[in-house]
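Notes follow the structure.
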Amino acid sequence: MFDYQAPDNLLKDRIILVTGAGDGIGKAAAISFAKHGATVILLGRTTKKLEDVYDQIEAAGGPQPAIYPMNLEGASPKDYDDLASTIEKEFGRLDGLLHNASLLGNLSPLSQYDVEIWYKVMQVNLNAPFLMTQALLPLLHHSSDASIVFTSSSVGRKGRAHWGAYAVSKFATEGMMQTLADEEEGIGPVRVNTINPGATRTHMRAQAYPAENPEQLPAPEDIMNVYLYLLGPDSQKVTGQAFDAQ
Ligand code: NDP
């Protein structure tokens, strides 16, 4: 595991948006960020799941989170502008943005890859983080120490047969991170990095590896160190880098 010990109040007074916050790694990240003092904006497509995460954070005595239901597959630039306006009105700034939501799509050779699924995966995994980042950058510039984290994968660093649009979207995510990190470096306080979570016990992993015993994998809660490190002040000035959670 990534070697980092987060102090209890690491994220005190930070406003952090997590996409795909209703399940899997995004849910664990939202709960962990709140536990370390952050006010978390829970964004995802299934309101009931977001409400459950909200309740868990409240029950644990964390700062009151916000829920923002949004389906990244159909969202338009206007929807991202509305998101930015809401955050601006409510909080006036954004300190952290974790792009976590993704679709696996199909596992099949590119020669037979379903074109509709290709578009969907690219929309959720690549175009949505681009549109959201563009809309939220002004709010991140209002923070004195802002961090953007994109979620990658091992197949986004070395291609692997049959991983199709998912792998290609993750390679592009690494490219978007490097491009944005380079642009922001001269401007100010926004750092930009990627995390590859590594094999983790979630629905997506089970969908990709149905025969695997999930109990042998780390749970999302077990891989949070690198997420906390990159969203907190200890990673100030760390930018343009690709991290592994495990
Ligand atoms: P899950 O499938 O468990 O969770 C994904 C989350 O994203 C869900 O909450 C889901 O919402 C949300 N989501 C999916 N599509 C949309 C959409 N169109 N609009 C809004 N939200 C959406 O995945 P993981 O937790 O496993 O994955 C999290 C990240 O980690 C992903 O980027 C993935 O690629 C990456 N990753 C995961 C690995 C693993 O082993 N688990 C390994 C390498 C990378 P809902 O709950 O409503 O379905």
Scan of segment 167-207 for residues that are within 16 Å of residue 125 (Cα to Cα) and hydrophobic (A, V, I, L, M, F, W, C), ordered by number: 167, 168, 171, 172, 176, 177, 195, 204
Any hit, segment 176-186, residues being modelled with pLDDT under 95 and more than 9 Å from the ligand (Cβ to nearest atom): yes
Sole exception among (1) crowded, with 19+ Cβ neighbours inside 10 Å; (2) out of contact with any His (no Cβ under 7 Å at 6 or more places or on another chain); (3) of a type in the set (A, V, I, L, M, F, W, C) for residue 219, by number: (1)
Neighbours by Cβ (under 8 Å, 6+ apart or cross-chain): first from segment 129-144, surrounded by 15 or more Cβ atoms within 10 Å (Cβ to Cβ); second assigned to a helix (DSSP H, G or I) and charged (D, E, K, R): 135/81; 139/88
Subset tally (residues that are in contact with a helix residue (DSSP H, G or I) (Cβ under 8 Å, 6 or more places away or on another chain) and either at pLDDT below 95 or more than 11 Å from the ligand (Cβ to nearest atom) (or both)) for segment 127-145: 9
Among (1) without any contact (Cβ under 8 Å) to a residue 40 or more places away in the chain; (2) in a helix (DSSP H, G or I) - the single one residue 67 does not satisfy: (2)
Scan of segment 148-202 for residues that are of a type in the set (S, T, N, Q) and either buried (at least 19 other Cβ atoms within 10 Å of the Cβ) or assigned to a loop (DSSP other than H, G, I, E, B) (or both), ordered by number: 151, 152, 153, 169, 173, 193, 194, 196, 200, 202
Residue check for residue 149: under 21 Å from residue 80 (Cα atoms), near the ligand (Cβ under 10 Å from one of its atoms) and touching a residue at least 12 places away in the same chain (Cβ under 8 Å): no
First in segment 158-176 and touching a residue at least 40 places away in the same chain (Cβ under 8 Å) and closer than 15 Å to residue 196 by Cβ, second anywhere and more than 12 Å from the ligand (Cβ to nearest atom) and not in a helix (DSSP H, G or I), Cβ under 7 Å, 6 or more apart: 163/107; 174/242
Sole exception among (1) without any contact (Cβ under 8 Å) to a residue 40 or more places away in the chain; (2) within 19 Å of residue 149 (Cβ to Cβ) for residue 111, by number: (2)
Complete set of residues in segment 74-96 that are farther than 18 Å from residue 148 by Cα and either touching a residue at least 60 places away in the same chain (Cβ under 8 Å) or not in a helix (DSSP H, G or I) (or both): 74, 75, 76
Residues within segment 222-241 that are of a type in the set (A, V, I, L, M, F, W, C) and either surrounded by fewer than 22 Cβ atoms within 10 Å (Cβ to Cβ) or at positive phi (or both), tallied: 1
Scan of segment 33-62 for residues that are more than 15 Å from the ligand (Cβ to nearest atom), surrounded by fewer than 15 Cβ atoms within 10 Å (Cβ to Cβ) and not in a loop (DSSP other than H, G, I, E, B), ordered by number: 55, 58, 59
Selection within segment 203-234 - out of contact with any Leu (no Cβ under 8 Å at 6 or more places or on another chain), assigned to a helix (DSSP H, G or I) and among the hydrophobic types (A, V, I, L, M, F, W, C): 206, 223, 226, 230
Qualifying residue in segment 77-91 (condition: farther than 16 Å from residue 124 by Cα, more than 14 Å from the ligand (Cβ to nearest atom), hydroxyl-bearing (Ser, Thr, Tyr) and crowded, with 16+ Cβ neighbours inside 10 Å): no
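The values are calculated or read from the model by the stated rules, or taken from the named source; none is laboratory data. Just so it is clear, the structure is predicted and the values come from calculations on it, not from any experiment. Quick reminder, even Gly has a Cβ in these numbers, built from the backbone with ideal geometry, and neighbours come from all protein chains shown.
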